[in-house]
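Structure, as structure tokens:
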Protein chains: 2
Amino acid sequence: MHRPVAALLGPVLACLAAASPARADEGMWTFDNFPRDEVRQKLGVDLGATWLDRVRRSTVRIEGGCTGSFVSPNGLVLTNHHCVTACLRQLSAPGRDVEAAGMLARTPREEPRCEAEQVSVLTRIEEVTAKVLAAVADQTGAESNKRRKQQLTALEKACEDTYKGMKDPHSCEAVTLYGGGQYFLYHYKRYDDVRLVFAPEYEIAFFGGDPDNFEFPRWDLDFSMLRAYENGKPARTPDYLRWRRSGAAAGEPIFVAGHPGSTNRLMTVAELQFEREVYLPRWLLRASELRGRYLHFAAASPENARIVTEPLFGLENSLKSLRNQFYALLDENLMSRKRRDEEKFRADVARTPKLASAAGAWDDIDKALAGYRAYFDRLTFIERGAGFQGELMHYARVLVRAAIERDKPNGERLREYTEGALPQLKQDMLASNPIYPDLERLRLGFSFEKLVETLGPDSPVVAKVLGRDSPQNAAAALVGATGLADPALRRALWDGGRAAIEKSTDPMIRLALRVEPDARELRRRYEDQTEAVLATSGERIAAARFALQGTNTYPDATFTLRLTYGTVRGWREGDQDIAPFTDLAGMYRRATGQPPFRLPAVWLDRKPKLSLNTKLNFSSNADIVGGNSGSPVLDEKGRLVGLIFDGNIHSLGGDYWFDPTLNRAVAVHPAAMLQALEKVYDAGALVRELTIAR
Amino acid sequence: MHRPVAALLGPVLACLAAASPARADEGMWTFDNFPRDEVRQKLGVDLGATWLDRVRRSTVRIEGGCTGSFVSPNGLVLTNHHCVTACLRQLSAPGRDVEAAGMLARTPREEPRCEAEQVSVLTRIEEVTAKVLAAVADQTGAESNKRRKQQLTALEKACEDTYKGMKDPHSCEAVTLYGGGQYFLYHYKRYDDVRLVFAPEYEIAFFGGDPDNFEFPRWDLDFSMLRAYENGKPARTPDYLRWRRSGAAAGEPIFVAGHPGSTNRLMTVAELQFEREVYLPRWLLRASELRGRYLHFAAASPENARIVTEPLFGLENSLKSLRNQFYALLDENLMSRKRRDEEKFRADVARTPKLASAAGAWDDIDKALAGYRAYFDRLTFIERGAGFQGELMHYARVLVRAAIERDKPNGERLREYTEGALPQLKQDMLASNPIYPDLERLRLGFSFEKLVETLGPDSPVVAKVLGRDSPQNAAAALVGATGLADPALRRALWDGGRAAIEKSTDPMIRLALRVEPDARELRRRYEDQTEAVLATSGERIAAARFALQGTNTYPDATFTLRLTYGTVRGWREGDQDIAPFTDLAGMYRRATGQPPFRLPAVWLDRKPKLSLNTKLNFSSNADIVGGNSGSPVLDEKGRLVGLIFDGNIHSLGGDYWFDPTLNRAVAVHPAAMLQALEKVYDAGALVRELTIAR
């Protein structure tokens, strides 16, 4: 599924520096630099400013890693089922498994709130490159890095202040493109009251489960509906997408608007090697072991299975995705092409006198990454949390750090605790998510075991965490004794700030306080010794690339709004042609009655009422990655002709390059969604709202 | 621990062809080509034929992956605790955990039989290179491969026939060295009646558990004693090792005799890349997930923990070992050194007219491995059993295949079913090992899930295995319905041969019969298209290497007897000196009271009686790998000064090269073993037997 890889066990190395020029037959383009001429020449479709503006205002970012789109004037949002699983979990309880059973609100009054959910619309793009570069001029290393961040925080704050007291308060986010070649402020209108309208059963939304995930042909009804509210009422959203029930024909041009999370196509070879040699293998081996524990936990009881469904899906999804990225990087063909491209680029830079300042950037990156290896494991486990998994320990660490950071002036804070970031963070901390002690013990015990295994039993931090206790006992004691499952305690600690935290006797808060100095020291080392070099070198390389190759390139994905294009099409796999459409008949044929190939009872009951030749899923060569989940697929008139939910297995190498022959995006067809609402779920009111929308 | 990586989920690619010349300051040398002169010059020790012969006859191979040595004239064998875990498990039952509690037989009458165990002594090395090459002369490809195997089988049979009716029946094994440069018959005297004499508690044998495994400093009492029997009586073993209680001093020369299992130092770059890109990542990810399931299974109850101890140890040991091998291969420094070495070697070959026939060998290997990738997953899961894990399914598959193979003439059989191989196989099949249905369900269910995941739900073999059932249900049904846990049924099926198998209605036998044609077809494809090319190319490359570099090199390890040498020494780790010895005091300091740092009660009771400065473990720069577990460490007089049980973390890259600055072997000190027997276990008779032996 095309959700960005969750930072379950540590984040992906941020994308950085530029090497090979992007070709204009691919790309995740920003709305203000869309290659209109090339697309007109290639597809015969001319997208004007009106089209672009309307699609931009109709597309929403679902915070946490997805995309959606308004599909009615009353704030109705279409997205994937797998983008609302956290909400379904929040609404579930023992004996009431909303994720499994699905739900339909027949009136707005029946729409329950997704407490942690926010959706955002990008209203303005403001370039601030000159202001950022001015702030770091004449600075190098750690000082330059610090000033850059302070400037970004200051620009965000000033931007948000201009909206103070206005009808539509906005949040502003600094966006770095091309690894430092350009800086922007993205202005977002935020909806923090989001409610659930419709979700189908898990078994049809994720039919085929992990075995079929990232595969095509495919038969998933991976859609759901949310609604944005303002002042307690459905939001007014005059920009929204109309449905084209018949969808797009094979070969027809299509466009995808969305928020691709992260790509690494512009990484230097040294960065790719770091991914291949250090980051990916470590992450994959830990995640595989955790998967084994989750699956065994799930097998113990139906209640366990329910509890672990959502984290297990996220883990398996990331595993399949990163595993195939890793295989792509292990392929010497890809790597030697990257090496050749970089050598050519560096040679071009070397022979261009005005680019002298860029020439050393690659060597600086090499050196920084060599140093990074020495403390990467400690950073991953102590600062980035691989050693402290689970919801409860996450609460403890964020509460502790937020209390410290909020005492500082805005410009001095870690970037994820600035004034602009706090509202979402606070909403996350105080949302009444269910806590499952068995699962918490599993996750914390696992991460303590990995902490010992990775840093060794003699590590001073291990001693701070465990004393002389075993990982499993220490985890069980902490989960048993902490009060952080109670949102009231979290609110008290949040509101009470530093004084409340320091007075707290909660054992998880105490543990978080004990490791905080170690975590901060590692963070400081990362920022000063690694990130600082990568950022400065990234700016130098990006400047060289613009100078040599112009701006006919697209930046790596950064979970910001992009538009990509292509046509509806299958591909050739070995000696076989893969057709671009599947239908309901194929889904019924595939249903063995055993999970994950079991259909919900209502789909067996209603089968006689359905047109089995209704198209269900389709593939296209649009260039997408994780974060595009829930993206609308549009035709040349801007009508909704599909809902992205996945890519094929070949698309997973798309993190590093786009393979036009094999890389395919996978979407739900509008005909299947409408037929399901009409004939299976009897969702008359919802269909009328969508029909009015047409 | 230095046991070879078990073929838990599929075997390691066989080592093959020669590239870089070995230096004479390292190496696993055969006893008939020991570099006596170099060692005399370097260490000042001259090992004559008497020394070599006596040590060879005192060293035993423990079938299944370990080494041992005779330490009394009455068949007493010293080896590691972790080399007898299968026997400890066989002797255990619910409520009687021999692996945890240890055991001591006070008289031979109390020594229980290890049913599946065999030990072997190498009595003669016979070179047969000319005979093998003659058999394949003028043949290429699949035909050459077939004839080579037939010839090896015929030579083994003829060799064994010469011992028929003699007092000491022998078995003969063909051994391929230098990837095909030389062929030998190794003549072994076999002991198939092996009994357990002594094992300490698991907690002291494997003190520090997985976190400390492959680490040094170290505090493990990883030793045990077996006894070889002949005709129901302790075997007479006039060649045995005397103990030197004080051990060897720091800097003193030492020698290690043993059976290193497998190294890949002579692999071509293409083969290394296959390991790095295909074999290792797949194996590691599967094994990590299985580890997660085992650990969760163990946490459910003390009985589960007991059941899974031995397979979990094997898995974690292999995981840590192969993970570090993988990291070594991911290191571009190692890989580019290998590339440079190979380029130079190939250039030397190319400019030597008489080596023209070798010049194309590397390209042939490249092509064969490219083809291998296309069916490697299917081969691994269907033929090599990654899709059919667990003892019961293993019985079913071997019984089915043995029945078919035994109907063929000896020379036509698969090599693992020849007359020479059958006795050990039969002993394995009929031994009354305990079967644990919960663990069998876990293992079979896991492997069925991976089968579906890897080959896809649409694979025809998946349909044969599962029908429309889910992996877990299918596994549970098979484990519940099969009768193969009963040794009597296995004996009936073994003795009944093909007719009995074909008549059997046992569902696991039926399943094994259903997949047998697919498995055989994959095996045939591997032998004809991949192995054949690798074998022929290996012979060509080895011949070129001998021509250019002479015989001052050692062959890759093949689980056959080798002798290596070095000195007792630590190493420098970063800015720290690691001393070569640890002592009992250090062990007590490290004991937190929590597993895996918990000592058995008797060790706490007896602490006052012990000399805490007694040396416990020590490190040396002897060149060893998995399979050397249980190897005797000898001084220049051939006295026992240690018992190899592990290497440090740096030694794990030793699969691909020997790093003299960091690679260290780890052994138990004789003083600690003797003190434990005397002061902790009150093993007076055993100490007297060893003392007489001195």
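If only residues of the stretch B:454-473 that are more than 9 Å from chain A (Cβ to nearest Cβ) and aliphatic (A, V, I, L, M) are counted, the one that is surrounded by the most Cβ atoms within 10 Å (Cβ to Cβ) is B:V465.
Apart from one condition, B:G102 fits all of (1) within 30 Å of B:P596 (Cβ to Cβ); (2) of a type outside the set (S, T, N, Q); (3) open to solvent by 50 Å² or more (accessible area, probe 1.4 Å); the exception is (3). How about the stretch A:348-370: which of its residues are open to solvent by 40 Å² or more (accessible area, probe 1.4 Å) and part of a helix (DSSP H, G or I)? Correct list: A:A350, A:P353, A:K354, A:A356, A:S357, A:D363, A:D364, A:D366, A:K367, A:A370.
The listed residues are B:L522, B:L478, B:L484, B:L513, and the only one of them that is in contact with a helix residue (DSSP H, G or I) (Cβ under 7 Å, 6 or more places away or on another chain) and not in a helix (DSSP H, G or I) turns out to be B:L484.
Evaluate the following for A:Y526: is it away from every other protein chain (no Cβ under 14 Å), within 20 Å of A:T263 (Cα to Cα) and either touching a strand residue (DSSP E or B) at 6+ places or on another chain (Cβ under 7 Å) or of a type in the set (S, T, Y) (or both)? First the steps, then the outcome.
Working: away from every other protein chain (no Cβ under 14 Å): yes; within 20 Å of A:T263 (Cα to Cα): no; either touching a strand residue (DSSP E or B) at 6+ places or on another chain (Cβ under 7 Å) or of a type in the set (S, T, Y) (or both): yes.
Answer is no for this residue.
Here A:R694 clears all of (1) in contact with a helix residue (DSSP H, G or I) (Cβ under 9 Å, 6 or more places away or on another chain); (2) modelled with pLDDT under 95 except the condition numbered (1).
To keep it simple, each residue is scored yes or no on (1) over 28 Å from the mean Cα position of the chain (by Cα); (2) closer than 19 Å to A:V269 by Cα; (3) hydrophobic (A, V, I, L, M, F, W, C); (4) more than 13 Å from chain B (Cβ to nearest Cβ).
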| position | (1), (2), (3), (4) |
| --- | --- |
| A:Q325 | no, yes, no, no |
| A:M335 | no, yes, yes, no |
| A:R340 | yes, yes, no, yes |
| A:K354 | yes, no, no, yes |
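Test B:R236 against the stated conditions and say whether it is open to solvent by 20 Å² or more (accessible area, probe 1.4 Å), away from chain A (no Cβ under 14 Å) and touching a residue at least 40 places away in the same chain (Cβ under 8 Å). It is true that B:R236 is open to solvent by 20 Å² or more (accessible area, probe 1.4 Å), away from chain A (no Cβ under 14 Å) and touching a residue at least 40 places away in the same chain (Cβ under 8 Å). Kindly check whether there is at least one residue in the stretch A:316-323 that is touching a Lys or Arg at 6+ places or on another chain (Cβ under 9 Å), open to solvent by 20 Å² or more (accessible area, probe 1.4 Å) and facing chain B (nearest Cβ under 10 Å). Yes, because at least one residue in the stretch A:316-323 is touching a Lys or Arg at 6+ places or on another chain (Cβ under 9 Å), open to solvent by 20 Å² or more (accessible area, probe 1.4 Å) and facing chain B (nearest Cβ under 10 Å).
Filtered by the rule that a residue be open to solvent by 10 Å² or more (accessible area, probe 1.4 Å) and of a type in the set (D, E, K, R), the stretch B:239-280 gives B:D239, B:R242, B:R244, B:R245, B:E252, B:R265, B:E277. For the condition acidic (D, E), within 14 Å of chain A (Cβ to nearest Cβ) and under 30 Å from B:H82 (Cα atoms), what is the one hit in B:E201, B:E230, B:E215, B:E173? So the residue among B:E201, B:E230, B:E215, B:E173 that is acidic (D, E), within 14 Å of chain A (Cβ to nearest Cβ) and under 30 Å from B:H82 (Cα atoms) is B:E215. For the stretch A:214-233, the tally of residues that are open to solvent by less than 20 Å² (accessible area, probe 1.4 Å) and not in a loop (DSSP other than H, G, I, E, B) stands at 6. Selection of the stretch A:375-396 for residues being in contact with a Leu (Cβ under 9 Å, 6 or more places away or on another chain), under 23 Å from A:A431 (Cα atoms) and part of a helix (DSSP H, G or I) yields A:E391, A:L392, A:M393, A:Y395, A:A396.
Within the stretch A:433-453, if we keep just the residues that are under 18 Å from A:R291 (Cα atoms) and free of Cβ contacts under 8 Å to residues at least 24 places away in the same chain, the residue that is farthest from the other protein chains (Cβ to nearest Cβ) turns out to be A:E449. Residues in the stretch B:277-289 that are in contact with an Asp or Glu (Cβ under 9 Å, 6 or more places away or on another chain) and at the interface with another protein chain (Cβ under 7 Å from one of its Cβ atoms): 3 in all.
Scanning the stretch A:476-510 for residues that are open to solvent by less than 40 Å² (accessible area, probe 1.4 Å), of a type outside the set (F, W, Y) and either under 15 Å from A:A403 (Cβ atoms) or at pLDDT below 95 (or both) yields A:L484, A:R490, A:L493, A:G496, A:G497, A:A500, A:I501, A:S504, A:D506, A:M508, A:I509.
So, in the stretch A:431-445, of the ones that are modelled with pLDDT under 95 and touching a helix residue (DSSP H, G or I) at 6+ places or on another chain (Cβ under 6 Å), which residue ends up surrounded by the fewest Cβ atoms within 10 Å (Cβ to Cβ)?
Just the residues of the stretch A:431-445 that are modelled with pLDDT under 95, to begin with: A:431-434.
Of the ones still in play, those that are also touching a helix residue (DSSP H, G or I) at 6+ places or on another chain (Cβ under 6 Å) are A:432-433.
Working: A:S432: 13, A:N433: 16.
Residue satisfying both the conditions and the ranking: A:S432.
Checking the stated criteria, A:I644 turns out to be open to solvent by less than 10 Å² (accessible area, probe 1.4 Å) and either farther than 30 Å from B:V452 by Cα or of a type outside the set (S, T, N, Q) (or both). The residues of the stretch A:433-469 that are of a type in the set (G, A, S) and out of contact with any Pro (no Cβ under 6 Å at 6 or more places or on another chain), listed by number, are A:S447, A:G456, A:S459, A:A463, A:G467.
Answer yes or no as to whether B:K344 is over 17 Å from A:F446 (Cβ atoms), more than 9 Å from chain A (Cβ to nearest Cβ) and surrounded by fewer than 17 Cβ atoms within 10 Å (Cβ to Cβ). Spelling it out, B:K344 is indeed over 17 Å from A:F446 (Cβ atoms), more than 9 Å from chain A (Cβ to nearest Cβ) and surrounded by fewer than 17 Cβ atoms within 10 Å (Cβ to Cβ). Scanning the stretch B:583-609 for residues that are of a type outside the set (G, A, S) and open to solvent by less than 20 Å² (accessible area, probe 1.4 Å) gives B:L584, B:M587, B:L599, B:P600, B:W603.
Would you call B:A535 of a type in the set (G, A, S), modelled with pLDDT under 95 and in a helix (DSSP H, G or I)? It is true that B:A535 is of a type in the set (G, A, S), modelled with pLDDT under 95 and in a helix (DSSP H, G or I).
Could you tell me how many of the residues in the stretch A:565-582 are within 14 Å of another protein chain (Cβ to nearest Cβ), at pLDDT 95 or above and either assigned to a loop (DSSP other than H, G, I, E, B) or open to solvent by 20 Å² or more (accessible area, probe 1.4 Å) (or both)? Steps first, answer last, please.
We begin by selecting, within the stretch A:565-582, every residue within 14 Å of another protein chain (Cβ to nearest Cβ); these are A:573-576, A:578, A:582.
Next cut, at pLDDT 95 or above only: A:578, A:582.
Retained after the next criterion (residues that are either assigned to a loop (DSSP other than H, G, I, E, B) or open to solvent by 20 Å² or more (accessible area, probe 1.4 Å) (or both)): A:578.
Number of matching residues: 1.
Scanning the stretch B:618-629 turns up at least one residue that is farther than 18 Å from B:H82 by Cβ, open to solvent by 10 Å² or more (accessible area, probe 1.4 Å) and in contact (Cβ under 8 Å) with a residue 24 or more places away in the chain. Across the stretch B:600-626, the qualifying residues are those that are part of a loop (DSSP other than H, G, I, E, B) and out of contact with any helix residue (DSSP H, G or I) (no Cβ under 6 Å at 6 or more places or on another chain), and the one among them that is nearest to the other protein chains (Cβ to nearest Cβ) is B:G626.
The values are calculated or read from the model by the stated rules, or taken from the named source; none is laboratory data. This one's a predicted model, so the numbers in the text were calculated from it and none came from an experiment. Backbone-built Cβ (ideal geometry, glycine too); neighbour counts: all protein chains shown. SASA here: full protein model, heavy atoms, side chains in, ligands and nucleic acids out. Shrake-Rupley method; radii C 1.70, N 1.55, O 1.52, S 1.80 Å.
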